[in-house]
Structure formats: structure tokens, C-alpha cells
Amino acid sequence: MNAEEIPQILTILKEGEMTLRGQFVHGSNYTFLTTIVRGDIEYRAVYKPVRGEQPLWDFPPGTLSGREVAAYLVSESLGWQLVPPTVYRRKAPLGAGSVQLYIEHDPEYHYFSFTPEDRQRLRPVVLFDLVVNNADRKGGHILIDESNHLWLIDHGICFHVEDKLRTVIWDFAGEPIPADLLNDLTRLLNEIEQNGDLVQRLKPFLSIAEINAMARRTRRLIKNGC
């Protein structure tokens, strides 16, 4: 997809006619494959209803779907386009929840089977997980589509105020952060500190304490430089 398509995708995900097509059975929370149609345009999407979330002791109940949307907003603010277009939809077959564009991919090709060249593409992934405090980065959550674009999925348990990083990716530990990625992090931090548009868009999904904790993590990354 190109940047010009994204507003249309977001609108259709939020407003199109949704039909359940199947259920993903290997996750902890209820997750469904859907088709969403508006006019003559149809997309496949992943729907995670709030009512299907299993309670966790360390995350507020009913917030995981919103965190999926927050991850998309942060990815877009960084300019990295890592998370597929994601919206929060209140009217859906099983009630409110997150709706994310389904990415066509080879499920057998993931972090543990990537070529060395594709492994080298993961520096932004590592930084993104540090910024959003991802507590569940599995190898199968990293997809490469038919156009060779790299995508990240499953961000329901991110953004906790306490350090919760849990990830399989340690390839770049201790490396200096490349200058272009450091510039992106600096821009993100400025946006948060200035209480900019990103913060207003995150407020329906994250607490102020969680947004401030993300700023602290980003500031620490920039200061450390690695």
C-alpha cells in the first residue's frame, strides 16, 4: 500500500460493513478474521473485540484493543509504517474493539527463519518495542508481505508504566542508534513534550501516566544513544 491509500483504508475499516469469516484460535484473546466492504472496495481485517479480552493482573481491563490502536498511531508518528492501519470501532458484530488491516504473508517466514539480510532490517523494530514497552514480541509477530514490506502485529500488551520489555530480538544490543532513527525518536519526543496532536489522539486509549512513561523511555533511548 502507498501513503495515499491509508486514509481510505482507515475510513473503510471504521465504517464499512463487517462480516465475520473465522476465528484465530491460537491467541489468548478472541480474535477474528473479517471482511469489510464499502461500495465496491473490500478489505480483510483482524478484529479484536473488547469483550473477548482475557483479564490480566497488570493491565487495566478492557484496554488491550485501544493499545493496538495506540501502537499504530506511534508507528505513524515515527514515520516507520511498521504497524498495519488500525482503528477503534464501536459498532461491530461483537461490540467495540480494534480493527486492523490483514496483511497477506507467508506464516512460515518469520524472525526465526529470516535471512541474515532481513534480520538486518529489524533495527526500527527493536527501537519501536523499546518505545512502546512491548511485553510480547514473538517471532511470529513480524511479517513480510508480498511487496517485501515489514509489518508488526499484536500490540495489546504495550505501554505499561513499568518496564515490561519481553522480546526475542536481541541482535543489536549495545549498538549505536543510527542517526536517522535517532532523529525520528527526537521528533517523537518533541511531539509528546509539546502535547501535540499525537498526544490528543492517544488519550482515548492510554492514560496520561502511560503517555508520560513513553516519553521517559524515548528520552532515555536518545540520551543513551544505543
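The values are calculated or read from the model by the stated rules, or taken from the named source; none is laboratory data. Bear in mind the structure is a predicted one, so any value in this text is a computation, not a measurement. Please note: Cβ atoms are built from the backbone with ideal geometry, for glycine as well, and neighbour counts cover all protein chains shown. We work out accessible area using only protein heavy atoms, side chains counted, and drop any ligands, DNA or RNA first. Shrake-Rupley method; radii C 1.70, N 1.55, O 1.52, S 1.80 Å.
Label zone of E146 (point 7 Å out along Cα→Cβ, amide N under 12 Å): in the range 1-44 this covers 1.
Treating each Cα of the range 1-98 as an identical point scatterer and summing with the Debye formula, the log10 of I(q)/I(0) at q = 0.13, 0.21, 0.25 Å⁻¹ comes to -0.46, -1.14, -1.40.
The calculated FRET efficiency for M1 paired with R119, based on their beta-carbon distance and R0 = 25 Å, is about 0.55. In whole percent, how big is the carbon plus sulfur part of the accessible area of the chain, probe 1.4 Å, protein atoms only? Carbon plus sulfur share of accessible area: 51 percent. For the range 1-52, the solvent-accessible area works out to 62 Å² per residue, with a probe of 1.4 Å and every protein chain left in place. Between D180 and D197, the modelled labels are 2.3 nm apart [label points 7 Å from Cα along Cα→Cβ].
Sorted on the mean count of surrounding Cβ atoms within 10 Å across their residues, most packed first, peptides 203-213, 160-170, 43-53 read 43-53, 203-213, 160-170. Under the simplified labelling scheme, the R21-S207 pair shows an inter-label distance of 3.8 nm, with each label point 7 Å from Cα along Cα→Cβ. Each peptide in 122-135, 187-200 receives the mean, over its residues, of other Cβ atoms within 10 Å, and ordering these scores from highest gives 122-135, 187-200.
Its Cα gyration tensor gives the range 44-163 an equivalent ellipsoid; the semi-axes, largest first and in whole Å, are 24, 17, 13.
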